[in-house]
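Chemist: The structure is given below, and queries will be raised subsequently.
Throughout, read-outs are computed from the coordinates displayed, never taken from laboratory work. Note that the structure is predicted; figures quoted are calculated from it, not measured. Ideal geometry is used to build each Cβ from the backbone, glycine not excepted, and the neighbour counts take in all protein chains shown.
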Amino acid sequence: MTYHYKVLGMGGEVEQRGDLVDLLNAIPYFLDKYVPPLAVINTVLKRGEADAGMSGGASWDPFTLSSEEYEMLTQTLEARGLAALECPDWVITWMDWMIWRYEVDKGVPAIQHRELQSVCTALERRLEQAERDGDSEAAGRLHLELYEAHQQVNAYIDSFRK
């Protein structure tokens with residue numbers, strides 16, 4: 001199957017066509033050495049966009065994969081050198097996947113990492129709402145709280161670096 005998608009970058013959008021692997025590879029930092037679980041892939045594909053800021057991004061018409069399509073994708077990715085990785089049932093979102101990967105690859109315990117990250121996620125939602133409401137005072141305060149929460153996540157991760 002051929003997918004139509006846009007690669008987003010500093011120079012604007014570039015229309016692309018390719019197979020599913022091409023589309024997934026257009027999403028910055030999504031595919032590297034492991035095949036993400038079906039739930040994670042579907043969570044991302046349902047959004048229709050992945051924006052990595054200055055690292056670019058991609059957009060496409062939202063869709064999901066069936067378990068059969070996922071099996072074929074897994075076989076293709078394994079043939080290209082990626083490994084399937086068993087992960088807990090709570091790994092559903094891209095952030096869950098990244099947190100689990102930090103435990104697998106770097107020894108950062110996922111439970112505490114998730115708790116710290118959930119504070120950031122909640123603050124991001126509150127900040128978005130304050131910005132939608134035009135509440136610049138709350139937005140300013142929330143920006144600072146979010147910065148401090150991200151600092152706590154980073155300090156936690158750094159504590160496991162050798």
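Chemist: If I build a Gaussian network model for the chain, linking alpha-carbon pairs within less than 10 angstrom, which residue out of Ala83, Ala130, Ala26 has the largest mean-square fluctuation?
Modeler: Evaluated over the chain, the most mobile residue of the options is Ala130.
Chemist: Averaging sequence separations of C-alpha pairs under 8 Å and six or more residues apart, then dividing by the length of segment 1-87, give the relative contact order as a whole percent. Show your work: numbers first, answer last.
Modeler: On the way: 124 pairs, mean separation 28.2, N = 87.
Once normalised by length, the contact order is 32 percent.
Chemist: Can you pull the three principal axis extents for the Cα set of the chain, in Å, largest first?
Modeler: Over the chain, Cα extents along the principal axes are 49, 38, 26 Å.
Chemist: Continuing with the same structure: Where does helix 136-158 land angle-wise versus the long Cα axis of the chain, in degrees 0 to 90, nearest 10?
Modeler: Roughly 60 degrees, rounded to the nearest 10.
Chemist: Rounding to the nearest 10 and keeping the result within 0 to 90°, find how far the Cα-based axis of helix 94-106 lies from the longest principal axis of the chain.
Modeler: It is inclined by approximately 90 degrees.
Chemist: Could you tally the net charge around Ser118, taking each other residue with its Cβ under 12 Å from the Cβ of Ser118, Lys/Arg +1 and Asp/Glu -1?
Modeler: On the way: positive: Arg114, Arg125; negative: Asp96, Glu115, Glu124.
So the surrounding residues net to -1.
Chemist: Rounded to the nearest whole Å³, what is the per residue volume of the convex hull around the Cα atoms of segment 107-162?
Modeler: On the way: hull volume 3.0 nm³, N = 56.
It is 54 Å³ per residue.
Chemist: Considering the Cα trace of segment 1-87, what is its radius of gyration and what is Dmax, both in angstroms?
Modeler: 12.7, 38
Chemist: Output the direction-averaged projected area (hull surface divided by four) of the convex hull of the alpha-carbon atoms of segment 1-40, in nm².
Modeler: On the way: hull surface 13.5 nm².
If you wrap the Cα atoms of segment 1-40 in a convex hull and average its projections, you get 3.4 nm².
Chemist: Then there's this: Using Cα atoms only, what is the angle between the long axis of helix 38-47 and the major principal axis of the chain, expressed in degrees (0 to 90) to the nearest 10?
Modeler: Taking Cα atoms only, the helix is inclined about 70 degrees.
Chemist: Now for a separate question. If you look for lysine pairs in the chain that are eight or more places apart or on different chains, how many of them have Cα atoms under 23 Å apart?
Modeler: Details: Lys6/Lys46; Lys33/Lys46; Lys33/Lys106; Lys33/Lys162; Lys106/Lys162.
Eligible lysine pairs with Cα atoms under 23 Å apart amount to 5.
Chemist: Then there's this: So what's the back-of-envelope 222 nm ellipticity for the chain, counting only DSSP H runs of four-plus at -39500 (n - 2.57) apiece and dividing by all residues, rounded to 500?
Modeler: On the way: 6 runs with 90 residues, N = 162.
Calculated mean residue ellipticity at 222 nm is -18000 deg cm²/dmol.
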